[in-house]
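Enquirer: There's a structure below that I have some questions on.
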Amino acid sequence: MPFMKTLPIISVFIYSTLLGCSTGQPNSDNKTDSTKHIEKIDTTDFVQQSIDELRNEFLSQYSKPILIDTSFIDSDIKYQVLFRHESSNDSGIVVPARYDFDTHKDFVTYNLISELTLLSDNDTLFHTTITKSLFDRLLSTELRQHATLLYPNFYIANDTIKLHYSISIPTTDVGIGATIKFAKNGSYIIED
(Lines give C-alpha, C1' and ligand atoms only; values in the text may rest on other atoms or scores of the structure.)
Protein backbone atom coordinates (compact mmCIF):
# COMPACT_ATOMS: atom_id res chain seq x y z
CA MET A 1 0.00 0.00 0.00
CA PRO A 2 2.90 2.47 -0.28
CA PHE A 3 1.29 3.75 -3.52
CA MET A 4 -1.88 4.78 -1.67
CA LYS A 5 0.19 6.77 0.84
CA THR A 6 1.96 8.69 -1.92
CA LEU A 7 -1.24 9.41 -3.91
CA PRO A 8 -2.10 12.55 -1.87
CA ILE A 9 1.45 13.84 -2.33
CA ILE A 10 1.29 13.22 -6.10
CA SER A 11 -2.13 14.96 -6.28
CA VAL A 12 -0.73 18.01 -4.51
CA PHE A 13 2.26 18.03 -6.88
CA ILE A 14 0.00 17.84 -9.99
CA TYR A 15 -2.31 20.55 -8.63
CA SER A 16 0.68 22.83 -7.89
CA THR A 17 2.09 22.23 -11.38
CA LEU A 18 -1.23 23.06 -13.05
CA LEU A 19 -1.66 26.16 -10.91
CA GLY A 20 1.81 27.36 -11.91
CA CYS A 21 0.96 26.87 -15.61
CA SER A 22 -2.19 29.04 -15.51
CA THR A 23 -2.50 31.92 -17.98
CA GLY A 24 -1.94 34.68 -15.42
CA GLN A 25 1.48 36.29 -15.15
CA PRO A 26 3.25 35.67 -11.85
CA ASN A 27 3.89 38.69 -9.66
CA SER A 28 7.02 39.23 -7.58
CA ASP A 29 5.78 36.69 -5.02
CA ASN A 30 5.48 34.01 -7.75
CA LYS A 31 1.69 34.02 -7.27
CA THR A 32 -0.86 34.48 -10.01
CA ASP A 33 -2.49 37.92 -10.00
CA SER A 34 -5.53 37.68 -12.26
CA THR A 35 -6.62 41.27 -11.53
CA LYS A 36 -3.37 42.78 -12.78
CA HIS A 37 -4.74 43.29 -16.31
CA ILE A 38 -7.96 45.00 -15.23
CA GLU A 39 -7.59 48.76 -15.50
CA LYS A 40 -9.84 50.86 -13.30
CA ILE A 41 -11.24 53.84 -15.17
CA ASP A 42 -12.23 56.91 -13.19
CA THR A 43 -15.34 58.36 -14.83
CA THR A 44 -15.79 61.21 -12.36
CA ASP A 45 -14.23 63.82 -14.67
CA PHE A 46 -16.25 62.57 -17.66
CA VAL A 47 -19.55 62.65 -15.74
CA GLN A 48 -18.75 66.09 -14.30
CA GLN A 49 -17.86 67.42 -17.75
CA SER A 50 -21.05 66.00 -19.23
CA ILE A 51 -23.24 67.53 -16.51
CA ASP A 52 -21.47 70.88 -16.86
CA GLU A 53 -21.82 70.80 -20.66
CA LEU A 54 -25.51 69.89 -20.40
CA ARG A 55 -26.19 72.68 -17.91
CA ASN A 56 -24.25 75.22 -20.04
CA GLU A 57 -26.12 74.14 -23.17
CA PHE A 58 -29.41 74.62 -21.35
CA LEU A 59 -28.42 78.00 -19.91
CA SER A 60 -27.26 79.22 -23.34
CA GLN A 61 -30.87 78.96 -24.54
CA TYR A 62 -31.70 81.98 -22.39
CA SER A 63 -29.39 84.23 -24.34
CA LYS A 64 -30.01 82.67 -27.76
CA PRO A 65 -33.70 82.58 -28.62
CA ILE A 66 -34.73 80.44 -31.57
CA LEU A 67 -36.25 82.63 -34.29
CA ILE A 68 -37.96 81.38 -37.45
CA ASP A 69 -39.45 83.60 -40.12
CA THR A 70 -40.71 81.58 -43.08
CA SER A 71 -43.63 81.35 -45.47
CA PHE A 72 -45.69 78.86 -47.41
CA ILE A 73 -48.29 79.00 -50.15
CA ASP A 74 -51.63 77.22 -49.93
CA SER A 75 -54.36 77.63 -52.59
CA ASP A 76 -52.37 80.49 -54.15
CA ILE A 77 -52.38 82.41 -50.85
CA LYS A 78 -49.05 83.24 -49.23
CA TYR A 79 -48.80 82.77 -45.48
CA GLN A 80 -46.00 84.05 -43.27
CA VAL A 81 -45.08 82.15 -40.11
CA LEU A 82 -43.20 83.79 -37.25
CA PHE A 83 -41.89 81.58 -34.47
CA ARG A 84 -39.90 82.55 -31.39
CA HIS A 85 -38.72 80.20 -28.60
CA GLU A 86 -37.16 81.89 -25.57
CA SER A 87 -36.93 82.17 -21.82
CA SER A 88 -39.86 83.60 -19.92
CA ASN A 89 -37.42 85.08 -17.34
CA ASP A 90 -39.70 83.95 -14.53
CA SER A 91 -37.51 81.71 -12.31
CA GLY A 92 -40.52 79.42 -12.42
CA ILE A 93 -38.75 76.06 -12.35
CA VAL A 94 -36.97 74.50 -9.42
CA VAL A 95 -35.09 71.33 -10.35
CA PRO A 96 -34.83 69.38 -7.09
CA ALA A 97 -31.40 68.49 -5.69
CA ARG A 98 -32.07 64.78 -6.33
CA TYR A 99 -31.57 65.52 -10.06
CA ASP A 100 -28.41 67.56 -9.52
CA PHE A 101 -25.64 64.98 -9.18
CA ASP A 102 -22.72 67.39 -8.98
CA THR A 103 -23.78 70.10 -6.53
CA HIS A 104 -26.66 68.26 -4.81
CA LYS A 105 -28.56 71.54 -4.56
CA ASP A 106 -31.82 72.74 -6.05
CA PHE A 107 -31.36 74.38 -9.44
CA VAL A 108 -33.63 77.40 -10.03
CA THR A 109 -34.21 78.22 -13.68
CA TYR A 110 -36.66 79.73 -16.15
CA ASN A 111 -39.47 78.28 -18.16
CA LEU A 112 -39.01 78.27 -21.92
CA ILE A 113 -41.99 79.31 -24.03
CA SER A 114 -42.79 79.74 -27.70
CA GLU A 115 -44.79 82.31 -29.60
CA LEU A 116 -46.33 81.45 -32.95
CA THR A 117 -47.91 83.94 -35.34
CA LEU A 118 -49.52 83.26 -38.71
CA LEU A 119 -49.99 86.18 -41.12
CA SER A 120 -51.63 86.49 -44.51
CA ASP A 121 -51.33 89.75 -46.46
CA ASN A 122 -50.08 91.36 -43.23
CA ASP A 123 -53.30 90.37 -41.46
CA THR A 124 -52.79 88.31 -38.31
CA LEU A 125 -54.71 85.06 -38.61
CA PHE A 126 -53.63 83.93 -35.17
CA HIS A 127 -51.04 84.59 -32.49
CA THR A 128 -50.52 82.18 -29.61
CA THR A 129 -48.13 81.54 -26.76
CA ILE A 130 -47.15 77.91 -26.27
CA THR A 131 -46.32 76.84 -22.71
CA LYS A 132 -45.98 73.41 -21.13
CA SER A 133 -49.47 73.84 -19.64
CA LEU A 134 -50.92 73.21 -23.13
CA PHE A 135 -49.55 69.67 -22.80
CA ASP A 136 -50.88 69.13 -19.25
CA ARG A 137 -52.85 65.98 -20.03
CA LEU A 138 -49.63 64.26 -21.15
CA LEU A 139 -47.52 65.29 -18.15
CA SER A 140 -46.81 63.49 -14.90
CA THR A 141 -46.82 65.49 -11.68
CA GLU A 142 -42.98 65.61 -11.79
CA LEU A 143 -42.99 67.06 -15.31
CA ARG A 144 -45.74 69.57 -14.51
CA GLN A 145 -43.68 70.89 -11.61
CA HIS A 146 -40.12 70.72 -12.94
CA ALA A 147 -40.07 70.44 -16.75
CA THR A 148 -39.96 73.00 -19.54
CA LEU A 149 -40.29 73.06 -23.35
CA LEU A 150 -36.94 72.11 -24.84
CA TYR A 151 -35.54 71.63 -28.35
CA PRO A 152 -38.45 72.67 -30.57
CA ASN A 153 -38.56 71.14 -34.05
CA PHE A 154 -40.58 73.18 -36.53
CA TYR A 155 -42.31 71.72 -39.63
CA ILE A 156 -44.84 72.90 -42.17
CA ALA A 157 -46.80 70.19 -43.97
CA ASN A 158 -49.43 71.34 -46.47
CA ASP A 159 -51.41 73.89 -44.46
CA THR A 160 -50.45 72.58 -41.00
CA ILE A 161 -47.75 74.00 -38.72
CA LYS A 162 -46.27 71.26 -36.57
CA LEU A 163 -44.03 71.76 -33.52
CA HIS A 164 -42.37 68.92 -31.65
CA TYR A 165 -40.86 69.49 -28.18
CA SER A 166 -38.98 67.58 -25.56
CA ILE A 167 -40.83 68.42 -22.35
CA SER A 168 -38.05 67.62 -19.93
CA ILE A 169 -36.61 68.47 -16.56
CA PRO A 170 -33.62 70.70 -17.38
CA THR A 171 -30.18 69.06 -17.36
CA THR A 172 -31.70 65.57 -17.00
CA ASP A 173 -32.95 62.90 -19.35
CA VAL A 174 -36.33 62.83 -17.61
CA GLY A 175 -39.06 63.91 -20.00
CA ILE A 176 -41.33 63.07 -22.89
CA GLY A 177 -41.72 64.09 -26.51
CA ALA A 178 -44.91 65.87 -27.57
CA THR A 179 -46.21 67.44 -30.76
CA ILE A 180 -48.69 70.25 -31.32
CA LYS A 181 -50.26 70.86 -34.76
CA PHE A 182 -51.86 74.15 -35.72
CA ALA A 183 -54.38 74.74 -38.50
CA LYS A 184 -54.48 78.09 -40.34
CA ASN A 185 -57.34 79.27 -38.12
CA GLY A 186 -55.31 78.73 -34.93
CA SER A 187 -57.05 75.58 -33.77
CA TYR A 188 -54.66 72.88 -32.62
CA ILE A 189 -54.35 69.25 -31.64
CA ILE A 190 -51.77 67.69 -29.34
CA GLU A 191 -50.13 64.34 -29.95
CA ASP A 192 -47.71 62.35 -27.83
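The values are calculated or read from the model by the stated rules, or taken from the named source; none is laboratory data. All figures in this text were calculated on a predicted structure; none of them were measured in a lab. All Cβ positions, glycine included, derive from the backbone under ideal geometry; neighbour counts span all protein chains shown. Calculation scope for accessible area: heavy atoms of the full protein, side chains included, ligands and nucleic acids excluded. Shrake-Rupley method; radii C 1.70, N 1.55, O 1.52, S 1.80 Å.
Enquirer: For region 127-155, how many residues are surrounded by 15 or more Cβ atoms within 10 Å (Cβ to Cβ) and more than 19 Å from GLU86 (Cβ to Cβ)?
Expert: Residues that pass the stated criteria total 4.
Enquirer: Under 9 Å between Cβ atoms, at least 6 apart or on separate chains: pull out the pairs that start in region 73-96 with a residue that is farther than 19 Å from THR129 by Cβ and at pLDDT 90 or above and end on any residue that is charged (D, E, K, R) and open to solvent by 70 Å² or more (accessible area, probe 1.4 Å).
Expert: Filtered contacts from region 73-96: ILE77/ASP121; LYS78/ASP121.
Enquirer: Related question: Give region 112-126 a look and list any residue that's part of a strand (DSSP E or B) and free of Cβ contacts under 8 Å to residues at least 24 places away in the same chain, or say none.
Expert: Residues satisfying the conditions are ASP123, THR124.
Enquirer: Does SER114 count as hydroxyl-bearing (Ser, Thr, Tyr) and open to solvent by 40 Å² or more (accessible area, probe 1.4 Å)?
Expert: no
Enquirer: State the number of residues belonging to region 68-111 that are open to solvent by 60 Å² or more (accessible area, probe 1.4 Å), assigned to a loop (DSSP other than H, G, I, E, B) and in contact with a strand residue (DSSP E or B) (Cβ under 6 Å, 6 or more places away or on another chain).
Expert: Number satisfying all stated conditions: 3.
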